[in-house]
Amino acid sequence: MTATVPQEKKLRTDRKNPGIGSRIRIKEDYRHIRGAGNFVDDLKLSDMAFASILRSPYAHAKIKKIDYEEALKVPGVLDILTSEDVVRMSDPLPQMTVPPASNLKDYPIAVGKVRFVGEPVAVVIAESRYIAEDAVELINVEYELLDPVLDARVAFSSNDSLIHEAVGSNIMAHINYDYGNVEKAINEADRIIRAKIHFHRFSSTPLEPNAALADYNAKDGSLTVWCNNQEPSFMLPQFNSALRLPYDKMRFITMDIGGGFGCKIVNYSYVILAALASMKVGRPVNWIESRSEHLLAGSHGAERIFDVEVPVKNDGRVLGLNIFSIDDDGAYARHEPAGLTVWAQVVPGAYKIKNVRNDMYAVFTNKCPAGPNRGFARAPHLFMIERVMDLVAKELSLDPSEVRIRNYVTRQDQPYTTPNGCVYDDGDYPRSLQMVLDSLDYSGWRIKQSALRKEGRYIGIGIATTLDSGAPNFGQVKMLNPRLPLIGNTEACLLQLTPDGRFVVKLGTVPQGQSHETVSSQIISEVFDVPVELVNVATGFDSVSHPYTMHSGTYGSRYAAMGGGAVNLAALKLRDKVLKIGAHLLEEHLESVELVNGTVQSKLDPAKNITLKRLARTAYGMPAMLPPGVEGGLWSLEVYYNGLEAPDEKKIGNLALTYSYQTHGVVGELDPETGKFKILKYAIADDAGKIINPLVVDGQVHGAAIHGIAAALFEEYKYTDDGQLESSTFIDYLAPVAVDVPDLELHHFEIPSPFAPLGAKGMGEGGGTAHVAVINAINDALSSFDVQLTRSIAPPEEVYNLIHNRS
């Protein structure tokens, strides 16, 4: 650590109101259950128009000619936004990467040629959505087909077909990491284990797809946008640059958001299209994505392929990892190749692996552009490590749990500095494993496994431990592009004690189901000893009224440390002012007063007190009665900085503030006649540091587990050889339903982070633990047939073909 966390004042232990640690009901749930949520599609503005997007039916093709004539004749069609309009009215989208890839001119609409199925080609603006969608079908486009590039290895090794001619190759970015001494580890190893692992393409399926409502005011040149982007303040530079508007002319508002999981970070390209459409017709323009559009062209998680060499000792100790990896990031570099840096938060996983080399590439392909997805960039890497642990166990005829125990970072090692300078804050990985083994009855199932195998039943047992790094250091992007103006991480909170004795909280974070309103209320309740009902946390985000920084938003498991930290420190700052005013009004010394149940009272004479409501009215209305030098009003603005600095030229630095972790255990049965795997028992041990609301943590851990199970068994974006997405509806993209999910036995324990203001670690992304635990279990069952999956998904037909030696 290069900076210290501000020291907090000790909070009361005899408080009367439920605060931090209380399992109170979720505030947000009440309005959502009643159908009273407020989403983008609920907004109805006067004179509002509607947009529909014509999308490319081809993965790679030149646009020879577009005929809009018939579409413009449709009654109710106002205009059509074309690529010519977009180029004239806006500038290319900023690219995350470096030259030559960063030199490409990327617009939110196809210019000259299309590069993935679903890429926008034109936008029809009409009086209704139905008219717009009908008119889209009347636009005629003449294409000249080009060979698509759909395989990352082909994109890496061949320039026969270029996605972007201006780049000169299909390589988006390249970074070579080299920590420790991999060559020495290889020379000292008893054996080298080699593996090829493919982390497949999937994403998230939030209940609410992408949405934007843009209203451009030509009179003053201002733009107001209502959208469901999950980090709009971080994206403001993109909007600022592309739309040629200064900050003070752009207002971005989010309200309730029906899920995000990372895939709503890169919807800024669609927000820009809606804004340009509004500018062209001079009216508010609404665009709501359909489900098939979301699956086709919203945002996909990046694929990653690994070639890995693992030097090991015969006792199971892993000496190093020698990795070559390629990320398939799709057609554009709109958020990617940030994944080439984010993985470095968890270089050795939960293990004392001192030597790691990773020669990483990101490539363009003719697929939907990739963006963050739950466990972004860390989940593929941790998947690889947890598969490696099982492969080591198999090679050495050891139990997978024993291999992990021999390699874990222990509690005594914490805080633990990884080979690249990251600092794991605190944790007990062996304890989490033991909790899961006990919950599963692991040894009992191992005995049953052998007995049942003789009966023709194939039981698989899988375990995994992964880290959920939180509050990331944006300085990590300088390992990719030194010119990016980002270091550390900050978050803002504006807190007011109103004249009627209530609290109003405005956050820079943008929740999509993480219960920020509830958790922030509990923090305020803890500090001031007031009922949570007296705390109103403003829903969503408004760039005009909410505080924010260029790091603000909800991503990277950061709210507990960053958002919650900003709320807590703002509350402590305001509490100091309240106590100072209260002591003055009560004619007491400052050290002789305290906050109890919403009043400032004398410690010696509790009957001598003043309510927060009366104190607030004095602060706002009677400045002459305030202590000398104290300003009127009761406001507190806090911008919390996590103290992290940029990594050095050797790519060494602390890249995250907190590290929660999870161990998952799975017992399931494989049916060799169908290839299906049925989960029989599932156990989780989770350490999220100090738990602010156990009910919220339960929901986050359950959600991450279900998402991982879905990735292992159901969800996959599959492309045909000509680049058509085969899974663009829920008929083919198999998102699980309730009956597909097993009962989850969850065990929490708390080891507070010594670095985070509240001791709370993130937990919502989960590190992909469930995903790899399930795949490990399936491969454990497949060992009876002497075959193994090399991909991160287990489609029944693929498993069946493996068992029966069919290609």
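The values are calculated or read from the model by the stated rules, or taken from the named source; none is laboratory data. What you see is a predicted model, and the numbers here were worked out from it, not measured in a lab. All Cβ positions, glycine included, derive from the backbone under ideal geometry; neighbour counts span all protein chains shown. Calculation scope for accessible area: heavy atoms of the full protein, side chains included, ligands and nucleic acids excluded. Shrake-Rupley method; radii C 1.70, N 1.55, O 1.52, S 1.80 Å.
Report Rg(Cα)/(2.2 N^0.38 Å) for segment 74-178, keeping two decimals.
Taking N as the residue count of segment 74-178, the ratio is 1.35.
Straight-line reach from Lys313: which aspartates and glutamates have Cα under 16 Å away, leaving out those fewer than 8 places along the same chain? Output for Lys313: Glu183, Glu188, Asp190, Asp390, Glu395, Asp399, Glu402. Candidate cross-link partners of Lys219 among the lysines, defined by an alpha-carbon separation under 21 Å and a same-chain spacing of 8 or more, comprise Lys249, Lys280.
Both radii are taken from the alpha-carbon atoms of segment 624-763; with Rh as the Kirkwood radius, Rg/Rh is 1.17.
Legend: residue pairs Lys394/Lys454; Lys62/Lys367; Lys580/Lys608; Lys105/Lys478; Lys367/Lys678, Cα-Cα distance threshold 25 Å; pairs beyond threshold, Lys367/Lys678.
Please give the length that would be gained between Arg244 and Ser169 if that part of the chain were fully extended, namely 0.36 nm times their separation in residues minus their C-alpha to C-alpha distance (nm, one decimal). Intermediate results must be reported in sequence, preceding the final value.
Working: separation 75, 0.36 × 75 = 27.00 nm, distance 3.01 nm.
So the chain would gain 24.0 nm between Arg244 and Ser169.
Between Glu631 and Phe324, what is the FRET efficiency for a Förster distance of 60 Å, r being their Cβ-Cβ separation, to the nearest 0.05? Efficiency computed from Cβ-Cβ geometry: 0.50. Counted over all Cα-Cα pairs of segment 535-691, pairs farther apart than 18 Å make up 73 percent.
Filter the DSSP H helices in the chain by two things, a Kyte-Doolittle mean of at least -0.5 and an axial alpha-carbon span of 24 angstrom or more, and list the hits by number.
Answer set is 378-396, 564-586, 694-713.
Electrostatic bookkeeping for Ile288 treats Lys and Arg as +1 and Asp and Glu as -1; over the other residues with beta carbon under 13 Å from its beta carbon, the sum is -3.
Net charge in the neighbourhood of Leu604 (other residues with Cβ under 15 Å of its Cβ; Lys, Arg +1, Asp, Glu -1) is -3. Per-residue extension of 0.36 nm, minus the Cα-Cα distance of Asp315 and Glu745, leaves a gain of 151.6 nm for this segment.
Counting residues in the chain as N, plug N into 2.2 N^0.38 Å and put the Cα Rg over that result.
This ratio for the chain stands at 0.98.
Based on alpha-carbon centroids, what's the gap between segment 639-706 and segment 23-39 in Å, whole number please? Cα centres, segment 639-706 to segment 23-39: 26 Å. With helices as the sole contributors, the chain gives -8000 deg cm²/dmol at 222 nm; each DSSP H run of n ≥ 4 counts as -39500 (n - 2.57), and the sum is divided by every residue. The Cα-based radius of gyration and maximum Cα-Cα distance (Dmax) for segment 230-377 are 19.8, 71 Å. Here, P(r) means the percent of Cα pairs in each 5 Å bin from 0 to the largest distance; for segment 691-783 it is 3, 11, 16, 18, 16, 14, 9, 6, 4, 2, 0. Over the chain, accessible surface divided per residue gives 36 Å², non-protein components excluded, 1.4 Å probe.
The orientation-averaged shadow of the Cα convex hull for segment 186-317, equal to a quarter of the hull surface, comes to 12.0 nm². Pairs of alpha carbons in segment 155-225 separated by more than 15 Å make up 81% of all such pairs.
Given a Förster distance of 45 angstrom, what is the FRET efficiency for Asn217 paired with Leu484, based on the Cβ-Cβ distance and rounded to 0.05?
Computed FRET efficiency for Asn217 and Leu484 comes out at 0.90.
Between Ser450 and Ser161, the modelled labels are 5.3 nm apart [label points 7 Å from Cα along Cα→Cβ]. The fraction of Cα-Cα pairs per 5 angstrom bin, counted from 0 for segment 390-547, comes to 1, 7, 10, 11, 10, 10, 11, 11, 10, 8, 6, 3, 2, 1, 0, 0 percent, rounded to whole percents. Within the accessible area of segment 538-597, what % is carbon and sulfur when the probe is 1.4 Å and the other protein chains stay in place? Using a 1.4 Å probe with all protein chains present, segment 538-597 comes out at 53 percent carbon and sulfur.
Only protein atoms count toward the accessible area here, which uses a 1.4 Å probe; on segment 384-457, the carbon and sulfur part of that area reaches 48 percent. The mean of 1/r over all distinct Cα pairs in segment 632-674, once inverted, gives the Kirkwood hydrodynamic radius of 16.8 Å. Computed across segment 275-329, the Kirkwood radius stands at 16.2 Å (inverse of mean 1/r, all Cα pairs).
Going by a ≥ b ≥ c, the root eigenvalues of the Cα gyration tensor, does segment 453-526 fall in the rounded group (a/c under 1.5), the prolate group (a/b larger than b/c) or the oblate group? In terms of gyration-tensor shape, oblate.
Each label point was placed 7 Å from the Cα along the Cα-to-Cβ direction; for Ser592 and Arg791 their separation is 7.6 nm. Counting only residues at least eight positions apart within a chain, or on another chain, the lysines with an alpha carbon under 16 Å from that of Lys681 are Lys448. Highest-first packing order for the peptide set 460-466, 125-131 is 460-466, 125-131, based on the mean count of other beta carbon atoms within 10 Å.
Given N residues in segment 495-588, what is its alpha carbon radius of gyration divided by 2.2 N^0.38 Å? Relative to the rule-of-thumb radius for its length, segment 495-588 sits at 1.13. Residue separation of Asn187 and Glu649 scaled by 0.36 nm, minus their Cα-Cα distance, works out to 163.6 nm of gained length. Considering segment 731-807, its Cα convex hull presents a mean projected area of 8.4 nm².
Protein heavy-atom surface of segment 108-218, 1.4 angstrom probe: 47% of the accessible area is carbon and sulfur, with nucleic acids and ligands not counted. A simple packing score, the average count of other Cβ atoms within 10 Å per residue, orders the peptides 570-581, 36-47 as 570-581, 36-47, with the highest score first. The Cα center of segment 71-100 and the Cα center of segment 230-250 differ in position by 17 Å. Using the alpha-carbon positions of segment 496-539, Rg (one decimal) and Dmax (whole number) come out as 10.2, 31 Å.
With the simple model of a label 7 Å out from the Cα in the direction of the Cβ, Val737 to Leu207 spans 1.7 nm.
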